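The values are calculated or read from the model by the stated rules, or taken from the named source; none is laboratory data. Computed from a predicted structure; not experimentally measured. As a convention, Cβ positions derive from the backbone with ideal geometry for all residues, glycine included, and neighbour counts pool all protein chains shown.
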Amino acid sequence: MKVLKWALAAIIILLIVGLLIPEKMTIPVKGATSKDWNHNTFWYEPWGRSGVHKGIDIFGTKNTPVVASTNGIVIFAGELTRGGKVVAVLGPKWRVHYFAHLNDYYVSAGDVVSINSQIGLLGDTGNAAGKQPHVHYSILSLLPMPWLFTSQSQGWKKMFFLSPHEKLTAK
Ligand SMILES: [Zn+2]
């Protein structure tokens with residue numbers, strides 16, 4: 001019982017520490033500005049097999065460096081059917097930053113990355129094949145945010161997805 005209490009305390013402390021790490025952010029494509037994505041495509045529908053679009057697409061020239069949008073730890077780097085070559089970084093506040101359709105990636109799970117460091121190259125892999133090259137960027141919160149719940153399609157998932165547009169344009 002005592003062990004359980006200590007384990008619980010450790011988890012709570014870890015959660016709080018994660019929440020206290022400052023979340024500095026940058027646009028994850030080198031040289032890109034807010035003109036390089038459509039400001040209204042977060043939660044846009046219909047959106048292919050996903051139903052609604054849970055991120056933004058940052059367009060650019062193929063092989064433009066893709067950089068980490070925050071400090072964090074790489075939790076996945078590999079290939080997925082829809083995402084193609086993807087990298088997922090666990091950043092401050094228990095948020096996972098997901099970068100998809102990369103032409104290549106230069107990190108692997110466990111790597112510590114700092115904001116603005118290169119993680120890969122912009123591309124058109126996965127279901128972006130044949131489309132204009134872009135990085136699909138999503139921010140997934142591992143802690144649910146019930147106040148973001150809406151009655152939109154898949155609106156309950158909004159408790160777990162933050163708007164990258166809002167985060168990247170916040171002053
Ligand atoms: Zn997308």
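Listed here are the residues, each with its yes/no results for (1) within 13 Å of the ligand (Cβ to nearest atom); (2) under 13 Å from the mean Cα position of the chain (by Cα); (3) within 19 Å of Ile139 (Cβ to Cβ).
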residue: His39; (1), (2), (3): no, no, yes
residue: Trp47; (1), (2), (3): yes, no, yes
residue: Asn71; (1), (2), (3): no, yes, yes
residue: Gly78; (1), (2), (3): no, no, no
residue: Thr81; (1), (2), (3): no, no, no
residue: Val87; (1), (2), (3): no, yes, yes
residue: Gly91; (1), (2), (3): no, yes, yes
residue: Arg95; (1), (2), (3): no, yes, yes
residue: Tyr106; (1), (2), (3): no, no, no
Discussion item. Residues to consider are Trp47, Trp94; find the one that is at pLDDT below 95, farther than 17 Å from Leu122 by Cα and surrounded by fewer than 20 Cβ atoms within 10 Å (Cβ to Cβ).
Written reply: Trp47
Worksheet item: Looking at (1) within 16 Å of the ligand (Cβ to nearest atom); (2) over 17 Å from Ser141 (Cα atoms), which is the one condition that is false for Phe99?
Response: (2)
Discussion item. Just the residues that are among the charged types (D, E, K, R) and assigned to a loop (DSSP other than H, G, I, E, B), please, taken from the range 119-171.
Written reply: Asp124, Lys131, Lys171
Worksheet item: Is it true that some residue in the range 57-67 is more than 13 Å from the ligand (Cβ to nearest atom), free of Cβ contacts under 8 Å to residues at least 24 places away in the same chain and surrounded by fewer than 16 Cβ atoms within 10 Å (Cβ to Cβ)?
Response: no
